[in-house]
Amino acid sequence: MHAHFFSHRFHPHSHDAYSFAVTEIGAQRFRCRGALRTSGAGMVMVFNPDDPHDGEAAAELGYKYRIVHMGPDVMRNVLADMAGTAADSAAGRAALPLFDRPVVSDPVLVPALLRLHAALVGGAGPLVRDERLTAAVGALVRRG
């Protein structure tokens, strides 16, 4: 999804997938894991599956962001591919990552997620989508 919100308010909700969002313009304020957080331009919001959160603009100009949702099975398959194991093997069934910071400022992670989003919405071929997915997941796991 790609959106620009000014006054829209997300009520508390969660996703059954990992959610990774790059704030492009403005700032979003949200409550997650018992604290109020803010993601400004150039920052990444990171939600684990079933992570309750809300959201609203934290700047007069609202906020514009791009978000990618990845199901746990997608994450597991990419990690298994990166490790050179089958996703249904014992090694491939290892614990999925849990990201401890809901807001991350990282100059490597932002472009990796933006390239993945562009490939997914821009009609890139399967090989490009897979390469960018692997690069983004690798950056998330190594850096997050």
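Among the residues making up region 119-144, those that are without any contact (Cβ under 8 Å) to a residue 40 or more places away in the chain, among the hydrophobic types (A, V, I, L, M, F, W, C) and surrounded by 14 or more Cβ atoms within 10 Å (Cβ to Cβ) are A119, A124, V128, A135, A139.
The single condition among (1) within 12 Å of the chain's Cα centre (by Cα); (2) farther than 20 Å from M1 by Cα that E60 does not satisfy is (1).
Could you check region 94-118 and list, in sequence order, the residues that are in contact with a helix residue (DSSP H, G or I) (Cβ under 6 Å, 6 or more places away or on another chain), open to solvent by 50 Å² or more (accessible area, probe 1.4 Å) and of a type in the set (A, V, I, L, M)? Hit for region 94-118 is V108, nothing else.
The values are calculated or read from the model by the stated rules, or taken from the named source; none is laboratory data. In this text, all values refer to a predicted model and were calculated from it rather than measured experimentally. Because the Cβ atoms are built from the backbone with ideal geometry, glycine has one as well, and the counts that use them run over all protein chains shown. Ligands, DNA and RNA are stripped out before the accessible areas are found, and what is left, the full protein with its side chains, is counted by its heavy atoms. Shrake-Rupley method; radii C 1.70, N 1.55, O 1.52, S 1.80 Å.
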